[in-house]
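Trainee: The structure's right below; bear with me while I get my questions together.
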Amino acid sequence: RFLLLPLLPRASGRRMSKAVRDFLYAQKVQAPVEIYSEWLNVGHVDEFLTFVPAYDRKGFRLLLASPNACYKLFKEKQGQGHGEATQLVGKEAGKGIPRRSIDEILADELLKNDNKHVQRCIDWNRDLLKQELGLNEQDIIDIPQLFIMKGSRADALFPDMVNMLVLGRHLGIPKPFGPLVGGQCCLEERVRALLEPLGLTCTFIDDYFSYHVLSGDVHCGTNVRRKPFAFKWWHMVP
């Protein structure tokens, strides 16, 4: 099904052409689902959701960016004595990169309030997609991610892992440069634990300066040429 941005009254640059919108609705086979993304600075749905293949259940999982999952992970690492572990290790100094420890992130009340707002927005879409796509909680995986508000809209605080490239069972995931625990990025480690049991291969790609600082990530800068269905799908009737 098509996932569309809602046609809300605001700047024309953020609104889908009425002709395109009418064309998509005219296909009839499956009605488009209108996703709420106005809370994002860029406003693209791939900033907080994606789908990956799975052999069981419906044949896929919905991945959602989750501030709650990120805070839970960081609190877990803090409780294990890793509160001083710092994010963005390995990025060049002197470029205004905000390197902060787990302790500092968890103590930042403004950031926490930003992410409470973001989580509410994502949860609204979660409930909508569960209803429209017939999903339950077992069909959804929460990917740890934090955002930061810039005015009334949000950007990813670190490379946005759901903004990934899906190549069958191979995933090209933005490298988050999370806090290092035992020499390993705790964010990468958690995402591998969530996705690799599904038979997926996770490759983390450094897109920090090429895309992330320009308000994008891997999915924003790539595309895939898909193999079409063998049957004539356009002959289907609703």
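Trainee: Give just the number: which of (1) touching a residue at least 40 places away in the same chain (Cβ under 8 Å); (2) at negative phi; (3) part of a loop (DSSP other than H, G, I, E, B) does P98 not satisfy?
Mentor: All conditions are met except number (1).
Trainee: Now a separate question. Consider G168 carefully, then state whether it is open to solvent by 10 Å² or more (accessible area, probe 1.4 Å) and either more than 23 Å from T222 (Cα to Cα) or among the aromatic types (F, W, Y) (or both).
Mentor: no
Trainee: Taking the stated definitions as given, is L64 assigned to a helix (DSSP H, G or I), under 16 Å from the mean Cα position of the chain (by Cα) and under 28 Å from R169 (Cα atoms)?
Mentor: In short, no.
Trainee: So, of the residues in segment 73-89 that are outside any loop (DSSP other than H, G, I, E, B) and in contact (Cβ under 8 Å) with a residue 60 or more places away in the chain, which turns out to be surrounded by the fewest Cβ atoms within 10 Å (Cβ to Cβ)?
Mentor: T86
Trainee: Which condition does C185 not pass, out of (1) open to solvent by less than 60 Å² (accessible area, probe 1.4 Å); (2) touching a residue at least 40 places away in the same chain (Cβ under 8 Å), if it passes all the others?
Mentor: (2)
Trainee: Taking segment 122-164, which residues are open to solvent by 30 Å² or more (accessible area, probe 1.4 Å) and either part of a strand (DSSP E or B) or on the phi > 0 side of the Ramachandran plot (or both)?
Mentor: Passing the criteria: G134, D142, I148, M149, K150, G151, R153.
The values are calculated or read from the model by the stated rules, or taken from the named source; none is laboratory data. On a predicted model such as this, the values are computed, not experimentally measured, just so you know. Using ideal geometry, Cβ is built from the backbone for each residue, glycine included, and neighbour counts are taken over all protein chains shown. Areas reflect the complete protein model, heavy atoms only, side chains present, ligands, DNA and RNA absent. Shrake-Rupley method; radii C 1.70, N 1.55, O 1.52, S 1.80 Å.
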